[in-house]
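S.K.: Input: one structure, supplied below.
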Amino acid sequence: MSSTRMMILGLVRWMQPVHGYDVRRELLSWSADKWANVQPGSIYHALRKLTEEGLLRAVATEQVGARPARTTYEVTPKGEEEFETLLRNLWWNFSEPIDPFTAAFSFLPAMPRPEAAAALRNRANLLRAGIESMRASLGSDWVRNTRPVHVGWMFELWSARAEAEMTWCERIAERIESGVSYLPAELENADGWSGWRNGDGRREAQPE
């Protein structure tokens with residue numbers, strides 16, 4: 001994934017010369033596994049692959065006692081160019097985030113209406129808890145005194161997105177409970193849409 005490559009190259013560039021262990025620790029301290037889909041188990045593999053591609057250079061390997069060997073990395077000129085390209089592509093282009101919930105919501109009629117509404121309200125409650133946590137972090141000394149200012153701006157972005165989704169969840173839950181049809185009038189009796197008609201979690205039986 002381009003964002004993972006960009007972040008690893010960027011961190012090595014920022015911290016070089018740096019052990020792979022320290023790159024992994026830094027990414028985890030940012031919780032990048034949650035918001036950038038940087039999987040902790042893939043970081044060492046990515047470092048090796050970037051080295052094979054000539055984007056990173058292994059400058060030393062150290063063995064201390066019985067600990068695993070640690071390799072120190074630096075960015076190559078080719079890696080500098082790749083980082084700049086990836087960084088600007090991510091800044092200037094818009095990509096829809098992948099959200100598994102959207103896949104589930106596309107099958108809304110497969111859920112009984114009471115359960116669907118309850119699940120949306122539960123999602124709203126989880127989002128509300130996350131918003132409160134982010135607001136607490138924004139007001140904490142940890143963010144104000146130990147992190148760059150733009151980290152707080154990122155928390156503001158996540159909070160705004162969560163607030164919008166929380167409001168949407170509550171609004172759609174009300175519509176579902178009201179019994180509004182999941183199909184426009186033109187499709188109510190059209191062929192091929194029987195599976196979406198009930199909105200009670202059951203698919204209509206097909207005629208023999």
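The values are calculated or read from the model by the stated rules, or taken from the named source; none is laboratory data. From a predicted model like this one, the values you see are computed outputs, not experimental measurements. A quick note on method: Cβ atoms are made from the backbone with ideal geometry, for glycine too, and the neighbour counts reach across all protein chains shown. Surface accessibility is based on the protein's heavy atoms, side chains included, excluding ligands, DNA and RNA. Shrake-Rupley method; radii C 1.70, N 1.55, O 1.52, S 1.80 Å.
S.K.: Checking the structure you have, find out if any residue of the range 38-58 is surrounded by fewer than 12 Cβ atoms within 10 Å (Cβ to Cβ) and under 23 Å from the mean Cα position of the chain (by Cα).
M.R.: Checked against the condition, which is being surrounded by fewer than 12 Cβ atoms within 10 Å (Cβ to Cβ) and under 23 Å from the mean Cα position of the chain (by Cα), the range 38-58 yields at least one hit.
S.K.: Check the range 106-114 and report whether any residue there is in the same structural domain as residue 180 (by the TED database), open to solvent by 60 Å² or more (accessible area, probe 1.4 Å), of a type in the set (D, E, K, R) and touching a residue at least 12 places away in the same chain (Cβ under 8 Å).
M.R.: No, that holds for no residue.
S.K.: Please give the helices (runs of 4 or more DSSP H) falling wholly within the range 73-188 in which 1 or more residues are more than 26 Å from the chain's Cα centre (by Cα) and within 24 Å of residue 13 (Cβ to Cβ).
M.R.: 77-92
S.K.: Six or more apart or on different chains, Cβ under 7 Å: which pairs go from a residue in the range 155-166 that's within 18 Å of residue 139 (Cα to Cα) to one that's open to solvent by 60 Å² or more (accessible area, probe 1.4 Å)? Could you list them?
M.R.: Between residues of the range 155-166 that are within 18 Å of residue 139 (Cα to Cα) and residues that are open to solvent by 60 Å² or more (accessible area, probe 1.4 Å), the close pairs are 159/135.
S.K.: Determine which single condition residue 153 fails, assuming it passes every other condition in (1) closer than 30 Å to residue 17 by Cα; (2) at pLDDT 90 or above.
M.R.: Just one mismatch for residue 153, condition (2).
S.K.: For the range 135-153, indicate whether the set of residues that are outside the structural domain of residue 35 (by the TED database) and within 29 Å of residue 177 (Cα to Cα) is non-empty.
M.R.: For the range 135-153, residues outside the structural domain of residue 35 (by the TED database) and within 29 Å of residue 177 (Cα to Cα): absent.
S.K.: Another question about this same structure. Suppose we keep only residues that are open to solvent by 60 Å² or more (accessible area, probe 1.4 Å) and farther than 16 Å from residue 156 by Cβ within the range 124-143. Which one would you say is modelled with the lowest pLDDT?
M.R.: Restricting to residues being open to solvent by 60 Å² or more (accessible area, probe 1.4 Å) and farther than 16 Å from residue 156 by Cβ, the top hit is 141.
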